[in-house]
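Laboratory data are not the source of any read-out in this text; all were calculated from the coordinates shown. Quick caveat: nothing in here was measured; it's all calculated off a predicted structure. With ideal geometry, Cβ positions are generated from the backbone for all residues, glycine too; neighbour counts draw on all protein chains shown.
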Amino acid sequence: MSETLETKIEHWFAQGAAAIGQAEAEAAFYALRYGLETGSLRSAEPDASLPLGWRVNAWVKRGILLGFRLGQLAEMGCAEGSSFVDKGTYPARRFTVADGVRVVPGGSSVRSGAFVSKGVVVMPPAYVNVGAYVDEGTMVDSHALVGSCAQIGKRVHLSAAAQIGGVLEPVNASPVIIEDDALIGGNTGVYEGTVVRRRAVLAAGTVLTRGTPVYDLVRGEVYKATAEMPLVIPQGAVVVPGSRAIRTGKGAEWGLSVATPVIVKYRDEKTELSLALEDLLR
């Protein structure tokens, strides 16, 4: 099925504006959107044969973009009575008890084309964008953002005001990936295709981008993105906000420093005990 759908998506995406108003193009997009919402299609998925361990499905991203091209502005509403205007191809998702997802009232929204697994909790206000994949047992806390095509693993806690950036374009770029059992602290930001390996902990206020070097005090290494690979945070790493002095020019003269995430340890028994409360919130 996916191969046939992939061919249709690629065809209609290549047509540009000529696809607008075409029933076959719309049918292909809605099939893709359904696959994204049910989790049978993903913009990126695990692939142990690749160096990163993940494969980007660029055609799925093109299908998401096709949906924006095909959509016309429409007036829509939510159960709470609020109204909004957006592309008619991307209304807000509706959930039922059978979905097994807790969407607590108070202004949260999950866009159509996002997968949210059973056991997920969405606290208000939070937002999950199209193409995102949120796996079972994860908590999306207040003011958290799960950006377009972001991949969130099982039993992840996205703490209050955590920002998981979206990477829809360029279509071949890796989205932000948060693997199983990671804890993303409050007011953190993870952007530009960064990969946070399983069981890692980002302390409150940590910001990770493609241009961010991360200093590992435990292993004596510095992690950076390359042309071929995104920034990757090792499994079980505990990352805190830090700083490093500017050694040259006016920065050195003025005694300035720049923000730098620092790995201070790897998860241990003490870390596990401090995280035990998270299970009570699910």
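Applying a DSSP loop filter and a limit of 12 other Cβ atoms within 10 Å to the trypsin sites (Lys or Arg not before Pro) in region 1-106 leaves Arg94.
Note on region 95-282: lysine pairs with Cα distance below 24 Å, sequence gap of 8 or more or different chains, count 4. For region 134-211 and region 95-133, write down the distance between their C-alpha centroids in whole Å. That distance is 15 Å.
From Cα pairs below 8 angstrom and at least 6 apart in sequence, can you work out the relative contact order of the chain, rounded to a whole percent? In percent, rounded to a whole number, it is 10. Under the convention that each Lys and Arg Cβ holds +1 and each Asp and Glu Cβ holds -1, the size of the dipole of region 41-156 around its Cα centre is about 260 debye. Of the beta bridges in the chain, as assigned by DSSP with both residues counted there, near 40 percent are antiparallel.
Tell me, what is the FRET efficiency for Phe95 and Ile246 to the nearest 0.05, using R0 = 41 angstrom and their Cβ-Cβ distance as r?
Numbers: r = 49 Å, r/R0 = 1.20.
In this case the efficiency is close to 0.25.
Taken along the Cα-to-beta-carbon direction at a fixed 7 Å, the label points for Leu217 and Thr7 span 5.8 nm.
Applying 0.36 nm per residue to the separation of Ser49 and Val258 and subtracting their alpha-carbon distance, the gain on full extension is 71.5 nm.
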